[in-house]
Amino acid sequence: MSKKTYFHAIKLIPEKCTGCTKCVRVCPTEALRLRNKVVELDASRCIDCGKCVAACSFGAIETYADDLQVIGKFAYKLAIISTSFAGQFGDGISYETAKRGLLHMGFDAVASEAMVTEMMGLMIREYVSNHPHIKPILSSNCPSIVRLIQVRFPSLLPNLLHIEAPMSVLATYFRNKICSEQKLDSSEVGIFLIVPCVSQVTAVHQPEGTYVHLEDGAISIGDVYQYVMANIKEIQADTTPMEVYPKGLSWAISGVEAEEVNDGSIRTMDVSGVHNVIDILHNIENNQLGVYDYIVLNSCANGCVGGVLNVENPFVAISRIRHLMRNATHKDFHDQLFIDLYRQDRFNVIPLEPRPIMALDDNIKNALTKMKQINEILEKLPGLDCCACGCPSCSALAEDIVAGKAELDDCIVRMRRLKETNRGE
Amino acid sequence: MSRYWYTREGMENRANRFRQTKPQPVITMDYSIGQHDFVNAGKASGDIKLALKKIGVDSAVLRRVAIACYEAEINVTAHAEGGLIHANIFPDLIQIIVTDTGPGIDDIEQCMVPGYSTATDYVREMGFGAGLGLPNIKKNTDALFIESTKGGHTVLEIIIFYE
Ligand SMILES: Nc1ncnc2c1ncn2[C@@H]1O[C@H](COP(=O)(O)OP(=O)(O)O)[C@@H](O)[C@H]1O
Ligand code: SF4
Ligand SMILES: [Mg+2]
C-alpha cells in the first residue's frame, strides 16, 4: 500500500487527551483509535474534516494554520478571503471594515472568493453541458469531500468537477495579473488564503490535482478575526475604498450554490454534513441519483459557515450573510484575463488518483483470508459498537486484531461477559 | 417456466468454467428482502459493496456490482412478495443469487426491454418503475441468468469478474 506521507492540519495533544473516545466515534473514515490510553491518527485515512476537533471537549486536538509571519518574505502579498469570513463580524463592523483589516495585517491587496462565484456558476454550467454522460457531476470545492471520495468512493472520482475551487481559481488569476501589472517575478508574490477550515489549510499545503502550486499559505479566519477586533478603532478610522461582492457570498451557505448553478435547465442538489454526504455518495454509487446533473457536497453542516476555524455560530453567520446579500446591489466581475485563462484550461485539475484505504490487503486472496478471519472474530464480539476498546466499532476492532494492531481482550464487554458466564457455571 | 441467459462477449469460457467447476466461495453473505420494504432496500447491496471495497476490487468493477445488485434488490422489494439475496465472494468474481417466491415473470425477454415496467402506482410513488433496472443489470453484468415461473418463483443470478 502507498507509503506516501500526508500533511494534516490537525495535531493531537496526548497530554490533554482523557481517552473519552468522542473523536473516535465521529470520524467518518475511522482514522482515529485510542491506544495505550491516548488517541492516535492514521494519516492515510484522515480527510481533515475537523469533526474530531469540534467533538473534543478537552482541547486535545488542535488545529493548524499558518502564522501571519509567513507573509513577511514576499514583496507583494495578496489575501483571498473565503465567503464565510463575512458572517463572522457583528453589526457594528461592516464587511468593508473587516476586509480592510487585512491591509492592516500587512497585505497589499485583498480579494474575495465571492468575486468569482458567479463566474464559477457559468463554468460549472458549461462543464455540465459538456459532460452529459456523467451524471451527476459532484462539486469539488470542499477539500474534505474530495479526499473522502478518494478514500471511500474512488469509483466516483470521474464524477468530480475537474475545475479548481474558487479560491484556487482566483490564485491563478491574480498570480498572472499581479506579476504582469507590478512587473514582479512569481516568487516575489505571496498568495494567502483566509480559510474557514483545516481541510483548506491542508489543501494549500498538499494540494490534490493541481498543475502548479499557487498558494503560499493558509491563515485561519479566527486569527484574522482576533486581529481585527484587537485593532478595530484604527481599522474603522481608515477610509481606503474596498471592493465587495456581497451577492457572491452565497457559497458559504449550503443550499444556495446549487440554486445559483441551476438556471432551470439543469437539476441540482445541495448536501451538507459529512455523514449526509456519505449517504448520498452511496446512493450515487448505486446510480440512484442519475437524474441529477450537479450535486454540491460540503463536509460541514450548513456549508463553510460551519468550518472549525470560524468564530461565529453558523446560524448567526448565515443570517448575517443573507442580510448582506439582501441589501446589496449586484456587481459584475468581468475580466478578459480571467476569461482567457479559463479558455486556456488554466483552471482545470488533473484527474485525481484514488487513495484506497479500505482494502485489507494489496492482494485480493490475502484480503479475502483476512475478511474471513475478521468475520470469525466478529462472531465473538458483542456488536455494541460502544468504543470502549478504543476502536470506532466492533468491526473496526476485528480488523485491527487481524492487522495485528489490537487484541481480542481489548473488548472489555466480552471479558466481563465471559467472567459472568464462568461465575454462573 | 421461462429462462433467460446472457453472457458478455469474450466471457463465455470463464463463465462456463465457473459454472462447471462449482468452486467453494470464500465468503458468503445472506439477506432477506421484505415486500415493499423501501426503507431497508439498499442494505444488502450496501454491505456487499463494502465487502468488495475491503477486498480491494477495482473501483470501476465495484461500481458495476453496486448498480446491478441494487437494481436486483429493488426489483424484489418493488415487484415480488419478498425474497433473499445470497452473495458468494470468490478471489476472482462475485456471484449474486436473488430469489423470490412470486409472482414470477411471464415474459422475461419483454422485461429486458428498456422502459418496460409493470410497476404499480404505489411503486412509482416511491420513485421506482422507470423500466431500466433489468437492462442496467444486464449492462453491468458479465453473466446473467434468470429463471421464472408465472405465479411462482423468480431466480436471478449475476456474475461479475473482477478483471
Ligand atoms: N423479481 C421480480 N418479480 C416479478 N417481476 C419482476 C421482477 N423483477 C422484474 N420484474 C418485472 O420486470 C419489469 C422490468 O423490471 P425493471 O427493468 O427493473 O424495471 P422497473 O423495476 O422499473 O419496472 C418489472 O416492471 C416487472 O414487471
Ligand atoms: S464545507 Fe467548507 S469549511 Fe467545511 S470542510 Fe468543506 S471547505 Fe472547509
Ligand atoms: Mg427495477
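A compact table of results
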quantity: Region A:305-330, subset polar (S, T, N, Q) and farther than 12 Å from residue A:83 by Cα, residue surrounded by the most Cβ atoms within 10 Å (Cβ to Cβ); calculated: A:319
quantity: Pick from region B:139-163, criterion more than 14 Å from chain A (Cβ to nearest Cβ) and charged (D, E, K, R), ranking: farthest from residue B:95 (Cα to Cα); calculated: B:150
quantity: Output for region B:132-149, where each listed residue is assigned to a strand (DSSP E or B) and within 16 Å of ligand 3 (Cβ to nearest atom); calculated: B:144, B:146, B:148
quantity: Residue count, region B:11-31 (criterion: closer than 27 Å to residue B:110 by Cα and modelled with pLDDT of 95 or more); calculated: 4
quantity: Residue selected from region A:342-351 under the condition surrounded by 15 or more Cβ atoms within 10 Å (Cβ to Cβ) and not in a loop (DSSP other than H, G, I, E, B), by the criterion farthest from the other protein chains (Cβ to nearest Cβ); calculated: A:342
quantity: Any hit, region A:145-154, residues being within 16 Å of ligand 2 (Cβ to nearest atom), within 26 Å of residue A:301 (Cα to Cα) and of a type in the set (Lys, Arg); calculated: yes
quantity: Leading residue by the ranking (nearest to residue B:136 (Cα to Cα)) among those in region A:268-293 that are part of a loop (DSSP other than H, G, I, E, B) and in contact (Cβ under 8 Å) with a residue 40 or more places away in the chain; calculated: A:290
quantity: Of the criteria (1) part of a helix (DSSP H, G or I); (2) within 14 Å of chain B (Cβ to nearest Cβ), which one residue A:354 fails; calculated: (1)
quantity: Members of region A:215-258 found to be of a type in the set (Phe, Trp, Tyr) and part of a helix (DSSP H, G or I), listed by number; calculated: A:225, A:227, A:251
quantity: Single condition residue B:44 does not satisfy, out of (1) more than 25 Å from residue B:81 (Cβ to Cβ); (2) touching a helix residue (DSSP H, G or I) at 6+ places or on another chain (Cβ under 6 Å); calculated: (1)
quantity: Any helices (runs of 4 or more DSSP H) falling wholly within region A:14-125 and containing at least 2 residues that are over 24 Å from residue A:150 (Cα atoms) and open to solvent by less than 20 Å² (accessible area, probe 1.4 Å); calculated: A:95-104
quantity: Inter-residue pairs, beta-carbon under 7 Å, first over 20 Å from residue A:46 (Cβ atoms) and in region A:129-144, second within 16 Å of ligand 1 (Cβ to nearest atom), 6+ apart; calculated: A:135/A:290; A:136/A:289
quantity: Filter result for residue A:421 (hydroxyl-bearing (Ser, Thr, Tyr), assigned to a helix (DSSP H, G or I) and surrounded by fewer than 15 Cβ atoms within 10 Å (Cβ to Cβ)); calculated: yes
quantity: Any chance residue A:287 is farther than 19 Å from residue A:200 by Cβ, within 14 Å of chain B (Cβ to nearest Cβ) and at pLDDT 85 or above; calculated: yes
quantity: Test result for residue A:173, of a type in the set (Phe, Trp, Tyr), at pLDDT 95 or above and not in a strand (DSSP E or B); calculated: yes
quantity: Selection status of residue A:199, touching a Lys or Arg at 6+ places or on another chain (Cβ under 8 Å) and within 16 Å of ligand 2 (Cβ to nearest atom); calculated: yes
quantity: Qualifying position, being open to solvent by 20 Å² or more (accessible area, probe 1.4 Å), in contact (Cβ under 8 Å) with a residue 12 or more places away in the chain, closer than 14 Å to residue B:71 by Cβ and within 14 Å of the chain's Cα centre (by Cα), among B:132, B:156, B:144; calculated: B:132
quantity: Residue that is nearest to residue B:30 (Cα to Cα), among those in region B:76-105 that are open to solvent by 70 Å² or more (accessible area, probe 1.4 Å) and within 16 Å of ligand 3 (Cβ to nearest atom); calculated: B:81
quantity: Total residues in region A:357-389, condition within 14 Å of chain B (Cβ to nearest Cβ) and either part of a loop (DSSP other than H, G, I, E, B) or open to solvent by 70 Å² or more (accessible area, probe 1.4 Å) (or both); calculated: 14
quantity: Of all residues making up region B:1-29, the number that are touching a helix residue (DSSP H, G or I) at 6+ places or on another chain (Cβ under 8 Å) and under 25 Å from residue A:373 (Cβ atoms); calculated: 3
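Rundown of residues vs (1) more than 24 Å from residue A:355 (Cβ to Cβ); (2) buried (at least 24 other Cβ atoms within 10 Å of the Cβ); (3) within 14 Å of another protein chain (Cβ to nearest Cβ), yes/no style:
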| site | (1), (2), (3) |
| --- | --- |
| A:144 | no, yes, no |
| A:172 | yes, no, no |
| A:183 | yes, no, no |
| A:199 | no, yes, no |
| A:214 | no, no, no |
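The values are calculated or read from the model by the stated rules, or taken from the named source; none is laboratory data. All figures in this text were calculated on a predicted structure; none of them were measured in a lab. Positions of Cβ are generated from backbone atoms using ideal geometry, with glycine treated the same way; all protein chains shown enter the neighbour counts. In case anyone asks, the SASA skips ligands and DNA or RNA and just uses the protein heavy atoms, side chains included. Shrake-Rupley method; radii C 1.70, N 1.55, O 1.52, S 1.80 Å.
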